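Scroll down for the structure; my scribbles are underneath it.
Nothing in this text is a laboratory measurement; each read-out follows from the coordinates by a stated rule. Note that the coordinates shown come from a computational prediction; the quantities given were computed from them, not determined experimentally. Cβ placement follows ideal geometry from the backbone for every residue including glycine, while neighbour counts extend to all protein chains displayed.
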Amino acid sequence: MRLVLILLVVAAVKAPVPSPELQQDSRKTAADLYGDRFVKAKTAAEKVALAKELLEAGLKVEDGLTDQYVLLDLARDVAAGVGETATALEAAEALAARFEVGALKLKAKTLLAVAQHASSTAQRKALAEAAREGGLVF
């Protein structure tokens with residue numbers, strides 16, 4: 001019984017958000033690795049594909065590393081930038097699960113960013129549903 005409790009406590013520990021200096025270094029590395037993909041991604045579909053690629057890469061990095069934080073945050077930003085609710089929220093939830101960020105605040109910030117770029121009826125509907133399901137609509 002004692003071993004199980006210790007494992008649960010260890011599993012709940014999250015990494016602190018990396019310092020801006022560390023993030024800057026990781027962003028430079030990400031730019032080196034994905035820079036051409038950022039340049040080539042012109043359409044919303046291409047940007048969503050890039051966001052999903054960044055998200056997948058971020059999930060493969062060891063939990064708590066700065067590179068992971070940056071990749072997940074970039075995925076969130078890219079997806080939100082084209083009004084893609086599901087991918088942006090998936091990245092936000094991955095960040096909140098691994099780092100000491102306020103999950104509700106990050107979800108709200110993400111949905112606000114998505115709202116600024118949601119241009120189609122389907123995007124707005126997905127946004128409204130996500131906000132309602134996340135308890136962000138009263």
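Tabulated results
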read-out	value
Nearest-20 debye value, the chain charge dipole, Cβ charges on Lys, Arg, Asp, Glu	400
Residue-wise HN-Hα coupling along region 71-79, computed from phi with Karplus coefficients 6.51, -1.76, 1.60 (Hz; x: Gly, Pro)	4, 5, 5, 4, 4, 4, 5, 5, 5
Net charge contributed by nearby residues that have their C-beta within less than 12 Å of residue 77 (K/R +1, D/E -1)	+2
Listed residues 58, 102, 83, most fluctuating in the chain (Gaussian network, C-alpha, under 10 Å)	102
Table column - 3J(HN,Hα) (Hz), region 107-114, Karplus curve with 6.51, -1.76, 1.60, x for Gly and Pro	4, 5, 4, 5, 5, 5, 5, 4
Extension gain (nm, one decimal) between residue 97 and residue 28, 0.36 nm per residue minus Cα-Cα	22.4 nm
Listed residues 101, 13, 70, most fluctuating in the chain (Gaussian network, C-alpha, under 10 Å)	13
For region 125-134, Karplus couplings with θ = phi - 60° (6.51, -1.76, 1.60), whole Hz, Gly/Pro x	5, 4, 5, 4, 5, 5, 5, 5, 5, x
36, 25 arranged by Cβ crowding within 10 Å, fewest neighbours leading	36, 25
Packing-based exposure ordering (other Cβ within 10 Å, fewest first) of 87, 43, 29, 66	43, 29, 66, 87
Interchain or long-range residues, amide H under 5 Å from residue 82's placed H	none
Cα pair distances exceeding 25 angstrom across the chain, given as percent	30
